[in-house]
1. Determine whether residue 63 is over 21 Å from residue 121 (Cα atoms) and over 17 Å from the mean Cα position of the chain (by Cα).
2. Quick one: which residue in 77, 98, 61, 57 is part of a loop (DSSP other than H, G, I, E, B), modelled with pLDDT of 95 or more, among the hydroxyl-bearing types (Ser, Thr, Tyr) and surrounded by fewer than 20 Cβ atoms within 10 Å (Cβ to Cβ)?
3. Got at least one residue in the range 152-161 being hydroxyl-bearing (Ser, Thr, Tyr), farther than 16 Å from residue 9 by Cα and part of a helix (DSSP H, G or I)?
4. So for the range 16-25 (the condition being more than 20 Å from residue 186 (Cα to Cα), out of contact with any helix residue (DSSP H, G or I) (no Cβ under 7 Å at 6 or more places or on another chain), without any contact (Cβ under 8 Å) to a residue 24 or more places away in the chain and open to solvent by 60 Å² or more (accessible area, probe 1.4 Å)), does at least one residue qualify?
5. Please go through (1) outside any helix (DSSP H, G or I); (2) over 15 Å from the mean Cα position of the chain (by Cα) for residue 105 and return the number of the only condition it doesn't satisfy.
6. Suppose we filter 174, 184 for residues that are surrounded by fewer than 16 Cβ atoms within 10 Å (Cβ to Cβ), among the polar types (S, T, N, Q), assigned to a helix (DSSP H, G or I) and modelled with pLDDT of 95 or more; which single one remains?
7. Residues of the range 175-191 being within 13 Å of the chain's Cα centre (by Cα) and hydroxyl-bearing (Ser, Thr, Tyr), which ones?
8. Would you check if residue 42 is in contact with a Cys (Cβ under 6 Å, 6 or more places away or on another chain) and open to solvent by 50 Å² or more (accessible area, probe 1.4 Å)?
Amino acid sequence: MANTDDLVKELAHLHSIGISALFVGYIAQDPKINTLFIPQLYQGGISMPDRDYYTNTDERTLGIQKEFMKYMIKMFTLMGDTPDEAEKNAKIVYHIETNLAKASMTNVELRDPQKQYNKKTLEELTDLTPNVKWVNYLDEVGVKNITEVIVCQPEFYKEVYRAINDVSIKDWKTYLRWSLIDQTASKLSDDFVNAHFNFYGTVLTGTPALKPRWKRA
C-alpha cells in the first residue's frame, strides 16, 4: 500500500471479506423506492460501540477509554510488536477513531431517517470526497453499473476526506492492521480470544466469564 488509490483498494478488499474499516458500505432497499436496492454509505470505522465512548468525559467513560488503550496495546503485543511499538500504534488508532467518532451523528440524530436520506450521483459523491475513486471502490467490491448511492451521513464523509489527506500511509497500515485483528480475534488462539472478550465482554458489558469454546462454536 503506497498511495491513496492503494488505500481505497485495500478498504474495498477488507469490506468484501466482512472487515469494517473507516466507513461502512452495503446494499439495501431504498427507503423511498421499495422496488430498488441501492448502495448505501454509512458512518463507521470505530471499534467501540458508538461516538459517546470517545467523546464523553464522565468517570465511567474515561475508565473505558483507558481500558480500550490497554486492550489495543495487548493486541499489538500479541501480534509481535515491542511494548513501545504497541503503545505507539494504539495511540495512532485511537487518534484516527476519535476523529471519526467526533464526525459521526449522535444516537439521537440517528433516529431521524430524513437526515440520513441523501441520495447522490457518483459525481456528487466524488465532489464530497475527491480523494476517493468510488468507481474503483465499487468495482473492487463487485458492484457495477451504479449511478447513484445514498450517503447516510455526509458530514462523516467530509471527515473521511480529511483523514485520507492528513493521515500517512504508514499510519493507515497500522489502522487497517488493527481493524483486521480486532474483528477476527474471536476466531484466533486463546490469547487473542481472551483479550478480546476481556474488553468487549467484561469491560463494556460486565459479562464475567467467556462461554466454553464448544458453546461459542
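The values are calculated or read from the model by the stated rules, or taken from the named source; none is laboratory data. On a predicted model such as this, the values are computed, not experimentally measured, just so you know. Positions of Cβ are generated from backbone atoms using ideal geometry, with glycine treated the same way; all protein chains shown enter the neighbour counts. All accessible areas refer to the heavy atoms of the entire protein, side chains included, with ligands and DNA or RNA removed. Shrake-Rupley method; radii C 1.70, N 1.55, O 1.52, S 1.80 Å.
1. Numbers: over 21 Å from residue 121 (Cα atoms): yes; over 17 Å from the mean Cα position of the chain (by Cα): yes.
Here the answer is yes, as residue 63 does meet what is asked.
2. Working: 77 fails: part of a loop (DSSP other than H, G, I, E, B); 98 fails: part of a loop (DSSP other than H, G, I, E, B); 61 fails: part of a loop (DSSP other than H, G, I, E, B).
One residue alone meets the criteria, 57.
3. yes
4. No.
5. (2)
6. On the way: 174 fails: surrounded by fewer than 16 Cβ atoms within 10 Å (Cβ to Cβ).
Selected residue: 184, the only one of 174, 184 that is surrounded by fewer than 16 Cβ atoms within 10 Å (Cβ to Cβ), among the polar types (S, T, N, Q), assigned to a helix (DSSP H, G or I) and modelled with pLDDT of 95 or more.
7. Of the range 175-191, the ones within 13 Å of the chain's Cα centre (by Cα) are 175-183.
Correct list: 175, 179.
8. Details: in contact with a Cys (Cβ under 6 Å, 6 or more places away or on another chain): yes; open to solvent by 50 Å² or more (accessible area, probe 1.4 Å): yes.
Answer is yes for this residue.
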